[in-house]
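All remarks here apply to the structure that follows.
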Amino acid sequence: MGDYAYNAVECLGPNEHRKSPETETTVPSRNKELDETIVLACDDIWDVLSNEALCSLLQHRMRYTDDLSLVCNETINICLYKGSSDNVSIVLVTFDPAPRTDPKCKSEDEKVQEVLFERAKNYLETTREQLLMESFLAHLRTFPEPRTPSFLVFCRGGKVQKLSDGFTSPNQPNGG
């Protein structure tokens, strides 16, 4: 189990290697009134997001969508854009006090997504460059309102990239 390059010492047993199949397990007590979620995630999530940043992101996104799969995918997108490169996976388990989707927030999120995609389309129509998140973020900062939070751009990074991949700019040689 794990990285076989680390486990190349034949004289050691399975649990004596640097990478071991023996899991590290902690069983904390649960506060039913305060505990909102359990996050099961690989180390590459924690390499780029602190506990506080991840909790804040999850609480925010759960107010804007009730699709936990989408929340997980958006979190992975953020981690990938922040430099995670290995095994990036996350599972959420929610409890009763978890944030619920607010219809006003959901509507606001849909409007921001529309604006984001419209600005991405405009960017692709006016530039010869392939869409790079850094230059696209700089492009978004030129608009006074509505401000698109950087983390939201990264949440939608996969969708924006798919839009970019399928876009043929009239300014690009050979139509694409």
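Restricting to helices (runs of 4 or more DSSP H) lying wholly in segment 1-85: which have 1 or more residues that are aliphatic (A, V, I, L, M) and at pLDDT below 90? Counting at least 1 such residues, we get 68-81. Assessment of segment 91-103 against the conditions (within 22 Å of Met133 (Cα to Cα) and free of Cβ contacts under 8 Å to residues at least 60 places away in the same chain) yields no matching residue.
Asn77 meets each of the listed conditions (1) in contact with a helix residue (DSSP H, G or I) (Cβ under 6 Å, 6 or more places away or on another chain); (2) loosely packed, with under 15 Cβ neighbours inside 10 Å apart from (2).
Inside segment 110-133, residues that are more than 14 Å from Gly166 (Cα to Cα), basic (Lys, Arg) and either surrounded by 13 or more Cβ atoms within 10 Å (Cβ to Cβ) or modelled with pLDDT under 80 (or both) make up a count of 2.
Test of understanding: among Phe143, Phe136, Phe167, Phe154, which residue is in contact with a helix residue (DSSP H, G or I) (Cβ under 8 Å, 6 or more places away or on another chain), modelled with pLDDT under 80 and within 29 Å of Val39 (Cα to Cα)? Full working, then the answer.
Numbers: Phe143 fails: within 29 Å of Val39 (Cα to Cα); Phe136 fails: within 29 Å of Val39 (Cα to Cα); Phe167 fails: within 29 Å of Val39 (Cα to Cα).
Only one candidate qualifies: Phe154.
Report whether or not Arg119 is assigned to a helix (DSSP H, G or I), out of contact with any Cys (no Cβ under 6 Å at 6 or more places or on another chain), without any contact (Cβ under 8 Å) to a residue 40 or more places away in the chain and of a type in the set (Lys, Arg).
On the way: assigned to a helix (DSSP H, G or I): yes; out of contact with any Cys (no Cβ under 6 Å at 6 or more places or on another chain): yes; without any contact (Cβ under 8 Å) to a residue 40 or more places away in the chain: yes; of a type in the set (Lys, Arg): yes.
So Arg119 fits the description; yes.
The values are calculated or read from the model by the stated rules, or taken from the named source; none is laboratory data. Quantities reported herein were computed from a predicted structural model and do not represent experimental measurements. Glycine also receives a Cβ, built like all others from the backbone with ideal geometry; neighbour counts cover every protein chain displayed.
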